[in-house]
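Asker: One structure, as structure tokens, below. Some questions next.
The values are calculated or read from the model by the stated rules, or taken from the named source; none is laboratory data. If you're wondering where the values come from, they're calculated on a predicted model, not measured in any experiment. With ideal geometry, Cβ positions are generated from the backbone for all residues, glycine too; neighbour counts draw on all protein chains shown. Ligands, DNA and RNA are stripped out before the accessible areas are found, and what is left, the full protein with its side chains, is counted by its heavy atoms. Shrake-Rupley method; radii C 1.70, N 1.55, O 1.52, S 1.80 Å.
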Amino acid sequence: MSGKIPRSFIDDLIERTDIISLIDAYVPLRKKGGNHWACCPFHQEKTASFSVSPQKQIYYCFGCGAGGNVISFLMNYDHLSFVEALEHLAKAAGLELPQENKTYKPATTLYDVMSKAAAFYQAQLKKSSQAIAYLKSRGITGKLAKEYQLGFAPQAWDNLISHFEKDEKTQNDLLQTGLILKKEKVYDRFRSRIIFPIRDTQGRVIGFGGRVLTKEEPKYLNSPETVLFHKGRELYGLYEARRVLREIKYWIVVEGYMDVLALAQYEIRNVVGTLGTATTADHLNKLLRYTQNIVFCFDGDQAGREAAWRALQVALPFIDDKVRIRFLFLPQEDDPDSFIRKKGKNIFLAEVEKATSFSDFLFKHISENLDLTTLEGKASLSHTAALLLERMPESALKQMVYKNLSYVVSLDENRLRALSKEKKPDVFHQVQNQKQQSRPFKLEMTPLRQAIMMLLQNPRLCSVLSEKFFIEEWDFSESMILKEIINLYHTGSQMTSAMLLEYWRERQEHSLISALLMKEMFVSSEEKRESEFLQIMQSLERQHQENKIEKILMKGKVQGLTEEEKKQLQEMIAAVKAVIV
Ligand SMILES: [Zn+2]
């Protein structure tokens with residue numbers, strides 16, 4: 001939400017930012033015709049259907065329907081919030097956000113605190129022979145330690161605190177970032193631990209993980225949830241991987257910091273860690289932006305297997321014919337770190353190649369304690385499988401999985417699908433509707449959409465509308481959009497395409513509007529355009545009048561019409577005829 005930031009400021013930012021250079025810095029664009037093109041960063045594709053218009057200052061993907069202005073791009077590409085995106089643009093334009101809404105606290109100072117803390121820990125690592133020895137024993141080189149900004153928090157309660165100013169504001173900032181805690185006194189959260197800074201996609205440190213050097217508990221300690229850090233959303237190593245890899249063929253998702261580092265040490269860089277938490281839909285949304293191919297590789301123990309099963313359940317709503325999710329199960333006693341150090345890179349990668357498909361894992365897991373030679377066993381399998389499979393979007397893959405199941409349990413596919421409708425246990429509710437990626441958006445043109453498109457792209461057409469059109473009365477499914485555009489134009493302000501689009505942010509109509517804004521119009525002259533627009537509007541008005549007549553006629557059939565209504569009906573019919581002429 002825009003909070004109290006004035007729309008005029010937002011418009012100004014949109015005006016000052018050039019969308020071509022903004023996007024080009026993230027996704028290299030190529031000029032072709034009037035637009036600039038690239039392979040879409042929001043869906044997987046081989047030919048470029050992502051277009052950016054320098055005139056309209058908006059982008060639109062003809063493949064997946066992603067579209068928007070500079071603000072939307074930053075929000076979607078870099079997962080920034082609305083205010084963060086504005087902040088980013090304002091900074092680049094040398095402006096300051098004029099008025100902040102109350103809940104919004106500028107994060108800049110907190111980022112500074114985190115970065116200063118990271119530098120402090122990093123410097124401490126160099127001074128601790130014990131910490132260096134530990135990292136060396138785990139095969140981590142100095143080069144890698146530097147790249148991942150590894151650090152060390154020495155033993156004592158006030159190392160970090162005394163590194164910062166003593167004033168109240170600084171102390172508050174430190175408390176807010178979770179770097180220090182307060183009981184009777186304030187003290188450092190991380191003590192005597194190797195420090196792993198967790199960075200966001202822009203490379204800013206937002207949290208830390210800390211590992212003990214000795215046998216103490218807990219073995220790992222993370223930053224708490226803060227304004228900057230949301231554990232369920234972040235992935236360790238994502239920023240670093242993106243920085244060194246031009247293309248990511250697939251992701252390997254591991255559990256721990258040391259797993260990410262160990263694989264990086266073997267030059268396997270397409271690896272991210274879930275910070276020891278369960279995989280979430282947010283994680284998947286983030287990962288799928290880069291590749292549709294994910295291999296989960298958790299520890300070989302029971303806990304690792306359970307984590308894999310939870311990941312599968314969260315992934316189900318994402319799995320279609322394009323998204324490929326697999327699972328690599330390591331031997332009982334291994335984690336990715338120990339496995340690669342024992343077996344080496346090639347064997348590890350060969351295992352990745354052989355990773356279990358999601359469907360194999362699914363069937364194996366749910367039939368584990370079932371006797372499939374009995375009817376009861378088959379019935380139980382059918383039920384559980386159907387409940388899980390319903391979480392998947394429709395796809396050829398889903399059909400094949402059902403077919404497979406149908407074969408195993410000798411039950412008709414449709415009967416199986418019906419089973420899932422019977423009762424859904426609560427565990428599935430939490431993963432429902434978490435998929436944020438939009439489904440492919442196919443733009444079908446209707447006369448109303450044609451009119452909206454023309455009006456969007458030619459605000460001047462607004463002036464040719466007359467009282468012949470009872471637009472306020474129209475009740476077609478999308479006539480609200482047309483009314484809003486007309487109202488917007490009537491407020492008198494000059495609106496560019498990018499500003500118009502801003503007006504629909506966070507509304508369902510956003511993708512339709514961006515598609516209509518970007519659609520090419522082939523009309524030779526201004527006059528031709530006007531007459532075409534009027535023709536469409538006339539036919540819509542006629543449709544509207546006919547609908548009204550239809551309604552009255554229906555009423556007449558059911559309960560009869562009064563004299564007054566009959567007269568009205570005749571007038572309406574005459575009026576419709578007049579419009580046709
Ligand atoms: Zn796309």
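Asker: Only one residue in Ile485, Ile481, Ile536, Ile573 is of a type outside the set (S, T, N, Q), assigned to a helix (DSSP H, G or I) and touching a Leu at 6+ places or on another chain (Cβ under 7 Å). Which one? Walk me through how you get there before you give the answer.
Answerer: Values: Ile481 fails: touching a Leu at 6+ places or on another chain (Cβ under 7 Å); Ile536 fails: touching a Leu at 6+ places or on another chain (Cβ under 7 Å); Ile573 fails: touching a Leu at 6+ places or on another chain (Cβ under 7 Å).
Exactly one of Ile485, Ile481, Ile536, Ile573 is of a type outside the set (S, T, N, Q), assigned to a helix (DSSP H, G or I) and touching a Leu at 6+ places or on another chain (Cβ under 7 Å), namely Ile485.
Asker: Okay, moving on. So, in the stretch 60-96, how many residues would count as being within 14 Å of the ligand (Cβ to nearest atom) and farther than 11 Å from Leu22 by Cα?
Answerer: Pass one, the stretch 60-96, residues within 14 Å of the ligand (Cβ to nearest atom): 60-68, 72-73, 76-77.
Right, trim to farther than 11 Å from Leu22 by Cα and you get 60-68, 72, 76-77.
Here the count works out to 12.
Asker: Given the options Ile549, Ile580, Ile573, name the one that is more than 17 Å from Leu448 (Cβ to Cβ), β-branched (Val, Ile, Thr) and modelled with pLDDT of 85 or more. So that I can check it myself, show each step before the final result.
Answerer: Working: Ile580 fails: modelled with pLDDT of 85 or more; Ile573 fails: modelled with pLDDT of 85 or more.
That would be Ile549, the only listed residue that is more than 17 Å from Leu448 (Cβ to Cβ), β-branched (Val, Ile, Thr) and modelled with pLDDT of 85 or more.
Asker: Looking for whichever is at pLDDT 90 or above and either over 23 Å from Thr291 (Cα atoms) or aliphatic (A, V, I, L, M) (or both) here; the options are Ala93, Ala123. Which one fits?
Answerer: Working: Ala93 fails: at pLDDT 90 or above.
Just a single option satisfies the conditions, and that option is Ala123.
Asker: So if I check each of Pro224, Pro197, which one is surrounded by fewer than 16 Cβ atoms within 10 Å (Cβ to Cβ), within 19 Å of Ala117 (Cα to Cα), more than 20 Å from the chain's Cα centre (by Cα) and of a type outside the set (Ser, Thr, Tyr)? Even if it seems obvious, please write down each step before you answer.
Answerer: Numbers: Pro197 fails: surrounded by fewer than 16 Cβ atoms within 10 Å (Cβ to Cβ).
Only one candidate passes the filter, namely Pro224.
Asker: Could I ask something else about it? Quick one: what pairs do we get from the stretch 321-347, first residue within 15 Å of Val254 (Cβ to Cβ) and at pLDDT 95 or above, second polar (S, T, N, Q) and not in a helix (DSSP H, G or I), C-beta under 6 Å, 6+ apart or different chains?
Answerer: Listed by first residue and then by second, the contacts come to Arg326/Ser357; Phe327/Thr356.
Asker: Also: Please verify whether Lys364 is in the same structural domain as Ile294 (by TED's automatic domain parsing), more than 22 Å from Lys322 (Cβ to Cβ) and open to solvent by 80 Å² or more (accessible area, probe 1.4 Å), treating the condition exactly as stated.
Answerer: Working: in the same structural domain as Ile294 (by TED's automatic domain parsing): yes; more than 22 Å from Lys322 (Cβ to Cβ): yes; open to solvent by 80 Å² or more (accessible area, probe 1.4 Å): yes.
Answer is yes for this residue.
Asker: Mind checking which residues of the stretch 156-179 are open to solvent by less than 50 Å² (accessible area, probe 1.4 Å) and more than 32 Å from the chain's Cα centre (by Cα)?
Answerer: Initial filter on the stretch 156-179 (open to solvent by less than 50 Å² (accessible area, probe 1.4 Å)): 156, 159-161, 164, 170-171, 173-174, 177-179.
Matches in the stretch 156-179: Ala156, Asn159, Leu160, Ile161, Phe164, Thr170, Gln171.
Asker: Could you please give the count of residues in the stretch 60-87 that are open to solvent by 30 Å² or more (accessible area, probe 1.4 Å) and either among the aliphatic types (A, V, I, L, M) or assigned by TED's automatic domain parsing to the domain that holds Trp504 (or both)?
Answerer: 1
Asker: OK, next. Does the stretch 435-462 hold any residues that are at pLDDT 85 or above and small (Gly, Ala, Ser), and which are they?
Answerer: Of everything in the stretch 435-462, just one residue is at pLDDT 85 or above and small (Gly, Ala, Ser), namely Ala451.
Asker: Continuing with this model, one more query. For residues that are free of Cβ contacts under 8 Å to residues at least 40 places away in the same chain and not basic (Lys, Arg), scanning just the stretch 496-515, find the one that is nearest to Leu448 (Cα to Cα). Before the answer, list the steps.
Answerer: Restricting attention to the stretch 496-515, the residues satisfying the condition of being free of Cβ contacts under 8 Å to residues at least 40 places away in the same chain are 503-504, 507-509.
From the residues that got through so far, the ones that are not basic (Lys, Arg) too are 503-504, 508-509.
Details: Tyr503: 20, Trp504: 18, Gln508: 17, Glu509: 14 Å.
If we take residues in the stretch 496-515 being free of Cβ contacts under 8 Å to residues at least 40 places away in the same chain and not basic (Lys, Arg), then Glu509 is nearest to Leu448 (Cα to Cα).
Asker: OK, next. I'm told Ala38 meets every condition in (1) in contact (Cβ under 8 Å) with a residue 60 or more places away in the chain; (2) within 12 Å of the ligand (Cβ to nearest atom); (3) surrounded by 18 or more Cβ atoms within 10 Å (Cβ to Cβ) except one. Can you identify the failing condition by its number?
Answerer: For Ala38, the failing item is (1).
Asker: If Tyr26 satisfies all but one of (1) farther than 25 Å from Ile248 by Cβ; (2) within 15 Å of the ligand (Cβ to nearest atom), what's the number of the condition it fails?
Answerer: Status for Tyr26: all satisfied but (1).
Asker: Sticking with this structure for a sec: Just to be sure I understand, how many residues within the stretch 42-59 are under 25 Å from Glu87 (Cβ atoms), within 15 Å of the ligand (Cβ to nearest atom) and surrounded by fewer than 18 Cβ atoms within 10 Å (Cβ to Cβ)?
Answerer: Within the stretch 42-59, residues that are under 25 Å from Glu87 (Cβ atoms), within 15 Å of the ligand (Cβ to nearest atom) and surrounded by fewer than 18 Cβ atoms within 10 Å (Cβ to Cβ) number 0.
Asker: Let me ask you something else. Got a sec? Which of Glu526, Glu532 is open to solvent by 70 Å² or more (accessible area, probe 1.4 Å) and outside the structural domain of Gly68 (by TED's automatic domain parsing)? Steps first, please.
Answerer: Numbers: Glu532 fails: open to solvent by 70 Å² or more (accessible area, probe 1.4 Å).
Of Glu526, Glu532, the one residue that is open to solvent by 70 Å² or more (accessible area, probe 1.4 Å) and outside the structural domain of Gly68 (by TED's automatic domain parsing) is Glu526.
Asker: Within the stretch 447-479, how many residues are touching a residue at least 12 places away in the same chain (Cβ under 8 Å) and under 20 Å from Phe522 (Cβ atoms)?
Answerer: So the count comes out to 15.
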